[in-house]
Amino acid sequence: MDDNLPIKQRLYIRFGKFDALIYTSNLDVAKTWERVLRRADLPILYSQGFNTRPRIVLASALPLGISSECEILDVSMREPIALEGLAERIQATSPVGLRIYDIYEVPVRSGTLPTRVRSSEYRIHFEDGIDGTDLQARIDKLMGSDTMLKTKQVKGKPVSINVRSLVHDLQIDETGDLIAHLTVGDRGNVRPDEVLAEMGLANAIVSIHRFQLHIDPE
């Protein structure tokens, strides 16, 4: 390890968002993590300057209302810390709905975590049920199309862009839930609700859970 580097250790914390926490914005989740890590009394590295902030980064923003078991927080330490018992120590200072699953060390010179995220997988459960044959027909129609338009603001003006290539796969699992594999990150983003709207299911009552983040290896 380079002794001249301010970062002496980098940790990835894999965690889940449940209960009321799923309605907490990405910015507020980051603030929650600041409080959690401070209460756990960890040697976190802080930025320099007048308004210092802890060197923590979330892998990927999670849309409001979606639960998850695969979120990742990148934490930089000013001195190394043992991993044994660390998950329990952090969990003890965490709010209801924040579940710690795993903590592991990564090289201090690893690339920025958000730039390595490529896609996410979601499980979409239809609370009132849905006809499987009809759902498969809607899947086939979208996956067989070359176009899925999304409106975004470019220099203050609405512009339609084709995001069909960002939808990797749609499948019905053995329980009848819709599994959606969608691009997130630097290469573009498409949300589960946008896919549902494209399928004509914008008004369906659903619960959505993110269960996998795909990240480029170092």
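We did not get these values from a lab; they are worked out from the coordinates using the rules stated. Predicted model, so just to flag it, every value in this text is computed and none were measured. Methodologically, a virtual Cβ is constructed for each residue, glycine included, from the backbone with ideal geometry; neighbour enumeration extends over all protein chains shown.
Evaluated at q = 0.23, 0.30 Å⁻¹, the base-10 log of the normalised Debye intensity for the range 28-71, with identical point scatterers placed on the Cα atoms, takes the values -0.92, -1.18. With respect to the chain, whose longest principal axis is taken over its alpha-carbon atoms, helix 26-39 is tilted by about 30°.
Which aspartates and glutamates have a Cα lying under 14 Å from the Cα of Lys150, excluding residues fewer than 8 positions away in the same chain? Result set, ordered by chain and number: Asp193, Glu194, Glu198. Around the Cα centre of the chain, unit charges on the Cβ atoms of Lys, Arg, Asp and Glu (plus for the first two, minus for the last two) sum to a dipole of about 1120 debye. Relative to one another, the C-alpha centroids of the range 195-218 and the range 17-60 are positioned 25 Å apart. Counting only the Cα atoms, the range 40-109 fills a convex hull of 132 Å³ per residue. For the chain, the longest principal axis of the alpha carbon atoms and the long axis of helix 132-143 meet at an angle near 80°. Farthest towards the positive end of the charge dipole of the range 92-191, among the residues Ser94, Val167, Thr151, is the Cα of Thr151, using unit charges on the Cβ of Lys, Arg, Asp and Glu.
With a threshold of 32 Å on the Cα-Cα distance, the over-threshold entries among Lys17/Lys155; Lys31/Lys152; Lys31/Lys141; Lys8/Lys31; Lys8/Lys155 are Lys17/Lys155; Lys31/Lys141; Lys8/Lys155.
A crude spin-label estimate for the pair Ala92 and Glu79, with each label 7 Å from Cα along the Cβ direction, gives 1.9 nm. Are there trypsin sites (Lys or Arg not before Pro) in the range 111-155 that DSSP puts in a loop and that have at most 13 other Cβ atoms within 10 Å, and which ones? Of the trypsin sites (Lys or Arg not before Pro), the ones in loops of the range 111-155 whose Cβ has at most 13 other Cβ atoms within 10 Å are Lys155. For the range 1-155, the alpha-carbon coordinates run over 59, 37, 28 Å along the three principal axes, in decreasing order. In the range 83-218, Cα pairs under 8 Å separated by at least six residues give a relative contact order of 34 percent.
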